[in-house]
Amino acid sequence: MSRSVQWFTKMSSPNSTWGKLKDLALVDREMYRNPTEVKKSQIVMPCHANHCQELSVGQLLKWMDSTACLSAERHAGCPCVTASVDDIYFEHTIGVGQVVNIKAKANRAFNSSMEVGIEVTCEDLFNGRCWKVCYAYATFVARHPGGEKVHLRQLVPRTQAEQAEHSVAAERRRMRLIHHDIMKDILNNESFQKSITEGFYIRQLSSGTESQDLQEAVPTERTQVESVELVLPTHANHQVNTFGGQIMAWMENVATIAASRLCNAHPTLKAIDMFHFRGPSSVGDRLVLKAIVNNTFMNSMEVGVCAEAYKGEEPLRHINSAFMTFEVLDEAGRPRTLPPIRPEPTEGKRRYQEAIARKKIRLDRKYIISCKQTEMPLSVPWDPSNQVYLSYNNVFALKMLAARDNWVLNHEKNQVSLYTMEEDKSLCFKVEAEVAVPAATAFLLLSDLTCRQEWDRHYNLCELITKVDEDDMIYRVVTPSVSEAGKVQDFVLMASRRPPCDRGDPYVVALRSVTLPTHQPTEDVNRGEVMCAGFTIYDISSSTAKITYYNQASAEVLPYISTDIAGLSSSFYSSFLSCSRFLLEHKADAPATNLVSTAL
Ligand code: COA
Ligand code: ADP
């Protein structure tokens with residue numbers, strides 16, 4: 001490398017001051033491009049399509065996986081393998097002659113793994129229209145050719161959007177890694193099992209008598225598929241590992257056959273549940289793919305697929321299991337009603353029940369995780385089966401609020417700052433200051449809401465309703481009436497706390513309203529709702545923390561803060577002062593050891 005090129009490379013490195021300035025300048029001029037971003041555009045040809053002239057989802061999965069893998073390898077600088085892919089919802093099919101545009105970029109690197117976001121759009125070249133097909137998050141693991149563990153360098157977010165993705169990627173990873181255990185816990189949960197069984201009978205009653213049902217029902221054996229594939233060099237990367245996308249494509253192929261056998265028509269794949277590549281496969285492997293319809297619902301069916309590998313006399317290795325949701329569309333594009341199925345007595349019956357459970361979980365997950373905040377009712381009913389998703393949503397919403405860059409400094413008093421952010425229908429505020437207390441201590445003290453009465457005059461009462469787990473609690477909080485003669489208000493709040501994932505992350509305590517059948521609103525109390533509130537706490541030094549309190553102000557909170565925002569009072573300052581006094585007085589009670597996220 002010439003000296004001038006070396007100098008340029010050094011000065012351009014993201015960590016050099018010049019590199020940072022240059023990046024920011026590029027961001028400003030909207031010319032910045034994420035260094036891990038990879039794009040792929042492909043015209044859909046008949047060879048990529050099924051008999052309905054639609055791009056086969058298997059082909060799309062191959063393109064998505066290979067584009068994402070190149071993005072991961074751009075950051076890692078060494079070969080990467082697909083570890084998992086989160087839920088994918090397909091919003092549209094793609095026709096022959098249309099163009100598929102895929103954009104992938106690494107959102108965050110952890111230790112040896114990284115999250116890659118994949119955006120798929122479709123373009124019609126004849127009218128210039130473009131629309132979203134799906135968005136997926138995949139995790140890739142970097143592997144040295146020798147097999148030793150790679151320690152990836154961190155990805156530094158440069159724009160607000162990258163900052164937000166980087167921040168919430170840690171939350172998504174937490175959920176991914178416990179996905180298998182969540183599913184097991186929920187499926188084994190006694191009350192959940194009971195509700196599923198009851199739901200099953202209600203469905204049978206509403207769709208006719210049991211004997212009628214049995215007559216119409218399609219025996220699942222009729223949908224069973226088994227197919228073998230030999231992994232050839234064309235299916236593998238230069239490390240001879242089978243491409244994840246290729247395995248997904250084979251899995252989608254057998255799932256489509258199973259779904260078609262049920263309805264004797266062409267099925268459309270609508271969604272694939274989050275899945276995990278449990279172990280590698282390589283050239284020379286025989287892959288055995290098995291699929292069967294596990295259950296049908298009114299307008300959709302769940303097909304389960306299992307991929308196992310063997311070589312010679314070796315025992316079968318479990319590579320992957322996936323659950324796919326198909327619909328059958330009529331000529332007008334509306335989903336057709338599907339026949340019920342008759343499962344086999346043992347394994348089939350278990351899968352039949354589990355498919356009902358997965359449908360409930362899938363809906364919760366889609367609704368709570370993928371919905372925009374404004375599309376969700378303020379308070380979502382809490383139950384053990386949606387707990388993990390509500391907790392995710394709680395922390396996600398606060399991290400997204402914190403990542404916004406249009407906060408405006410509204411008021412400052414003795415280095416306590418009040419910021420506001422006005423949007424169409426909402427007003428958000430944050431109060432920020434430094435306190436001479438270690439961040440971990442502040443986190444422990446602020447995450448216990450029962451202590452808040454000691455410093456927040458708006459908390460008349462706070463009772464712990466349920467300790468869901470170490471990081472999630474549900475409280476009932478009573479606050480004074482807004483008007484003099486008015487009723488007092490109460491809130492049912494879920495508090496979710498997270499220690500940092502790594503050094504650049506804050507401690508987070510997120511609050512949102514939930515509803516509980518045991519704590520319905522009463523006549524004498526106004527039930528208030530919190531959309532998103534909470535704290536982020538950063539380490540400034542071993543003895544000082546920067547604490548920020550956020551609130552996406554609902555009608556109930558506005559009266560308390562509006563005079564501050566209008567400059568007529570500074571109650572935010574007195575609240576923060578009493579919070580900091582509380583933290584200083586109690587800092588010896590809470591250990592200051594740095595906490596690290598246990599799920600990571
Ligand atoms: N989703 C996302 N990431 C996961 C994961 C999952 N379900 N399971 C493990 N990981 C991550 C871990 O968090 C860890 O990340 P980190 O290093 O950043 O902390 C990384 O994978 C390695 O984990 P480790 O515990 O060292 O290894 P493992 O024994 O769990 O193996 C894989 C993980 C993915 C490497 C292993 O399962 C594998 O080789 N799978 C097949 C991958 C492949 O070949 N895919 C292509 C198609 S076959
Ligand atoms: P589970 O049986 O708990 O669902 P598996 O990983 O064994 O988990 O299988 C995943 C899915 O693959 C099953 O739900 C089923 O739909 C399908 N499957 C498994 N084994 C077979 C088989 N022998 N024939 C057809 N499909 C199968």
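Bear in mind that the values in this text are calculations on the coordinates, not laboratory data. Here the structure is a predicted model, which means the values were calculated and not measured. Cβ: placed from backbone, ideal geometry, glycine included. Neighbour counts: every protein chain shown.
Based solely on its DSSP helices, what 222 nm [θ] is calculated for the chain when runs of n ≥ 4 H residues each add -39,500 (n - 2.57) and the sum is averaged over all residues, nearest 500 deg cm²/dmol?
Calculated from helices alone, the mean residue ellipticity at 222 nm is -10000 deg cm²/dmol.
Could you give the size of the charge dipole of the chain about its Cα centre, using +1 on the Cβ of each K and R and -1 on the Cβ of each D and E, expressed in debye and rounded to the nearest 20?
On the way: 65 positive and 71 negative charges, 308 e Å.
Roughly 1480 debye, rounded to the nearest 20.
How large is the convex hull of the Cα atoms of the range 292-430 per residue, expressed in Å³ as a whole number?
So the per-residue Cα hull volume is 244 Å³.
Treating the angle as unsigned and between 0 and 90°, give the value, to the nearest 10°, between the Cα long axis of helix 347-365 and the longest Cα principal axis of the chain.
Taking Cα atoms only, the helix is inclined about 40 degrees.
Among 88-100, 121-133, how do they line up from the highest to the lowest mean number of other beta-carbon atoms within 10 Å? The partial results should precede the final answer.
Working: 88-100: 17.9, 121-133: 12.9.
Listed from highest to lowest mean packing, they are 88-100, 121-133.
Convex hull volume of the Cα atoms in the range 52-148, per residue, in Å³?
Roughly 101 Å³ of hull volume per residue.
Report the relative contact order of the chain, percent, no decimals, based on alpha-carbon pairs under 8 angstrom and at least 6 residues apart.
The normalised contact order for the chain reaches 10 percent.
Among G284, P499, N551, whose Cα sits farthest toward the positive end of the charge dipole of the chain (+1 at Cβ of Lys/Arg, -1 at Cβ of Asp/Glu, about the Cα centre)?
Comparing the listed Cα positions along the dipole, G284 ranks first.
What is the percent of Cα-Cα separations in the range 91-176 that go past 18 Å?
55 percent
For the pairs K40/K270; K39/K149; K311/K359; K270/K290, flag any whose C-alpha to C-alpha distance is greater than 26 Å.
From the list (K40/K270; K39/K149; K311/K359; K270/K290), the Cα-Cα distance tops 26 Å for K39/K149; K311/K359.
Would you mind checking the radius of gyration and Dmax of the range 470-555 based on alpha-carbon positions, in Å?
Computed over the Cα atoms of the range 470-555, radius of gyration and Dmax are 15.9, 49 Å.
Of H48, H238, how do they rank once you tally other Cβ atoms within 10 Å and put the fewest first?
Arranged by neighbour count, lowest to highest, H48, H238 become H238, H48.
Provide Rg and Dmax in Å for the chain, with only Cα atoms included in the calculation.
26.7, 83
Using the structure shown, list the pairs from K194/K366; K132/K546; K103/K184 with a Cα-Cα distance above 28 Å, or answer none.
K132/K546; K103/K184
Quick one: order T234, T563 by neighbouring beta-carbon count within 10 Å, fewest to most.
By the 10 Å Cβ count, ascending, the order reads T234, T563.
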